[in-house]
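**Student:** What follows is a structure written as structure tokens; I'll ask about it next.
Every number in this text was worked out from the coordinates using simple rules, so none of it is lab data. Owing to the predicted nature of the structure, the values given are computational and were not obtained by experimental measurement. For neighbour counting, all protein chains shown are included, and Cβ atoms are generated from backbone atoms with ideal geometry for every residue, glycine included.
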Amino acid sequence: MDSRTILQGFEWYLPADGQHWRRLAESAVKIKQLGFNGIWLPPAYKGVKGRNEVGYAPYDLYDLGEFDQKGTIPTKYGTKDEYLNCIKALKKNGIAVYGDIVFDHFMGADEKEDVSAIKYCPKNRNEAISGEEEILAWTKYTFPGRNKKYNDYIWTWKNFSGVDFDERRKDHGIFNFERKGWEQQVDQENGNFDYLMGCNLDMDYPETVEQLDKWGKWYQELTDVDGYRLDAVKHIKFNFFTNWLLNRRKEKGQDLFVVGEYWNGSIGKLVEYIDRSGAIISMFDVPLHYHLYQAATSNGNYDMRNIFKGTLAQERAEWAVTFVDNHDTQQGQSLESWVPSWFKVQAYALILLRKAGTPVVFWGDLFGIPSRNIDPVGRQLDLLLKIREDLAYGKEMDYFDDPDIIGWVRTGTLDQNKSGYAVVMTNAQAGSKKMTISAIHAGKTFIDVLGNCTEKVILDQTGSSLFPVKDGSISVYIEEELVRELNKIIV
């Protein structure tokens with residue numbers, strides 16, 4: 001199947017032992033065998049918390065675990081050389097690598113500066129709550145530990161539009177610099193959501209744009225990554241990344257896979273961003289994630305016919321990057337909306353066994369989250385991945401005609417031996433659904449590869465039958481002899 005299946009190659013609570021790049025390199029063969037052909041790696045540069053930084057509070061973009069800064073040489077995940085070796089190992093095994101880019105803010109400045117600023121209301125960033133006054137802000141980045149290697153630019157307050165702390169008064173707030181104002185081409189939550197945290201990068205300041213482009217050229221040539229995951233794009237000028245990404249494409253000499261994180265449950269917001277950013281950035285399907293969460297936490301009252309209503313998978317399938325959970329939605333994080341374990345397999349079937357969208361599997365679901373005593377989803381997820389890789393061919397037909405029990409089929413094709421399947425699921429009581437796979441499967445016996453239903457289903461001359469499902473469960477029906485083959489592969 002010529003499609004992407006991406007692994008999010010980390011979770012928030014990975015041990016801060018500097019060994020993750022090594023572990024990933026050693027796991028490259030296994031990751032490929034599981035059915036992945038792409039991986040999203042965490043931010044690789046030095047962050048404000050040094051070895052304890054997950055990556056979303058960047059300090060020095062040029063420090064990939066090479067310099068003694070913020071109390072450490074390695075990042076949480078390892079050293080620069082280990083990062084580059086990890087990328088090579090993954091690519092050698094046919095796995096495309098996507099770098100995580102955080103361009104919204106810097107944190108952990110080296111020096112303070114006096115700057116004129118206006119304080120704004122946190123809940124309404126259009127409302128000034130002070131006059132213009134001089135504050136003392138941590139805004140000067142000299143990177144002494146790197147000593148100008150790779151780049152000698154000094155970042156000052158001019159590169160930023162605001163901060164959240166006045167050192168002189170020990171005042172926590174939202175401060176906008178020198179009548180710069182807030183960027184208007186951003187999400188309008190809180191009146192204006194240009195400012196998120198730290199030193200907010202000013203994308204209207206030419207030197208900021210120039211320096212980010214220089215870094216991008218350096219990073220692309222150094223790592224040879226195959227694409228990018230862009231963090232917090234709702235807070236960044238909507239069209240900023242257009243030229244930046246076109247330059248990276250030119251340097252790579254081919255298209256790049258790019259997905260942006262715009263955290264909003266409104267399909268309209270995501271479609272607007274796709275259009276305004278030049279249609280070269282896919283988007284995480286946040287509305288679908290919330291539908292999956294609601295279906296799993298509604299005590300059976302969610303109407304399953306609406307699972308794709310108002311989602312990118314339905315409205316802009318070619319730009320939809322689908323997911324069940326990620327590092328932000330996992331337990332204890334800022335956007336916690338964890339899909340409970342009983343519904344995980346249903347949720348993954350809805351992204352892995354469908355045509356629409358590019359699915360991303362979360363590290364914590366595949367390998368567990370030991371620090372939170374969360375087990376991996378297990379063998380059934382492994383089976384879904386292999387079904388996607390080996391059997392997801394032919395046309396797709398939906399049977400979304402009941403509020404509790406929904407299903408769909410992939411017809412399979414004659415040139416892909418034994419391809420095709422039927423999926424039926426419910427978030428409520430047991431039942432069954434009559435569906436037609438295809439006449440090319442007439443008379444064949446199909447059984448539930450997940451083992452949730454044990455009865456065999458024999459297709460009639462049209463390739464149709466009644467497919468049962470148990471309470472709050474899912475069944476995926478494939479040809480009987482294929483089940484034995486898959487069971488040999490997946491222990």
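**Student:** Give me the net charge of I307's neighbourhood, meaning all other residues with Cβ under 11 Å from the Cβ of I307; Lys, Arg count +1, Asp, Glu -1.
**Tutor:** Values: positive: R305, K309, R354; negative: D303, D398.
Charge balance in the 11 Å sphere: +1.
**Student:** Amide H neighbours of D100 under 5 Å, counting only residues 5+ apart in sequence or on other chains, H built in-plane at 1.01 Å?
**Tutor:** L41, A44, R229
**Student:** Please work out the ratio of the alpha-carbon Rg of segment 333-491 to 2.2 N^0.38 Å and round it to two decimals. Mind dumping the intermediate values first?
**Tutor:** On the way: Rg = 15.6 Å, N = 159, 2.2 N^0.38 = 15.1 Å.
That works out to 1.04 for segment 333-491.
**Student:** Same structure, new question: How long are the semi-axes of the ellipsoid equivalent to segment 388-479, from square roots of 5 times the Cα gyration tensor eigenvalues, in whole Å, largest first?
**Tutor:** One finds semi-axes of 21, 13, 12 Å for segment 388-479.
**Student:** Pull up the cross-link candidates among the aspartates and glutamates for K434, meaning alpha carbon to alpha carbon under 20 Å and not fewer than 8 places away within one chain.
**Tutor:** List returned: D303, E396, D398, D401, D402, D404, D448, E455, D460, D471, E479, E480.
**Student:** Only Cα pairs under 8 Å and at least 6 apart count here; give the relative contact order of segment 73-229 as a rounded whole percent.
**Tutor:** That works out to 27 percent.
**Student:** If you fit an axis through the alpha-carbon atoms of helix 286-297 and take the longest principal axis of the Cα set of the chain, what angle between them do you get, 0 to 90°, nearest 10?
**Tutor:** Taking Cα atoms only, the helix is inclined about 60 degrees.
**Student:** May I ask for the net charge around L230, where only other residues with Cβ less than 11 Å from the Cβ of L230 are counted and Lys, Arg are +1 while Asp, Glu are -1?
**Tutor:** Local net charge: -2.
**Student:** Follow-up question, since we're still on this one. Contact order normalised by length for the chain, with contacts defined as Cα pairs under 8 Å and 6 or more residues apart; what percent is it?
**Tutor:** 11
**Student:** For a quick check: with amide H placed at 1.01 Å from N, whose amide H comes under 5 Å from I374's, ignoring anything fewer than 5 positions away on the same chain?
**Tutor:** Under 5 Å from the amide H of I374: I369.
**Student:** May I ask you to order 65-71, 212-218, 368-374 by the average number of other C-beta atoms within 10 Å around their residues, highest value first?
**Tutor:** The packing order, highest mean first, is 65-71, 212-218, 368-374.
**Student:** While we're here: log10 I(q)/I(0), Debye, Cα-only the chain, no solvent, q = 0.08, 0.11, 0.14 Å⁻¹?
**Tutor:** Each listed q corresponds, in turn, to -0.53, -0.94, -1.37.
**Student:** Let me ask something else about it. Cα axis of helix 480-489 to longest principal axis of the chain: angle in degrees, 0 to 90, nearest 10?
**Tutor:** Taking the Cα atoms of the chain, the angle to 480-489 is about 40 degrees.
**Student:** Give me the net charge for the shell around Q254: Cβ to Cβ below 13 angstrom, other residues only, Lys and Arg +1, Asp and Glu -1.
**Tutor:** Net of charged neighbours comes to 0.
**Student:** What shape does segment 104-239 have by the C-alpha gyration tensor, where a ≥ b ≥ c are the square roots of the eigenvalues, rounded means a/c under 1.5, and otherwise prolate means a/b greater than b/c and oblate the rest?
**Tutor:** oblate
**Student:** Here's a follow-up. Identify all aspartates and glutamates with a Cα-Cα distance to K30 below 15 Å; exclude those on the same chain that are fewer than 8 residues away in sequence.
**Tutor:** Filter leaves D382, E389.
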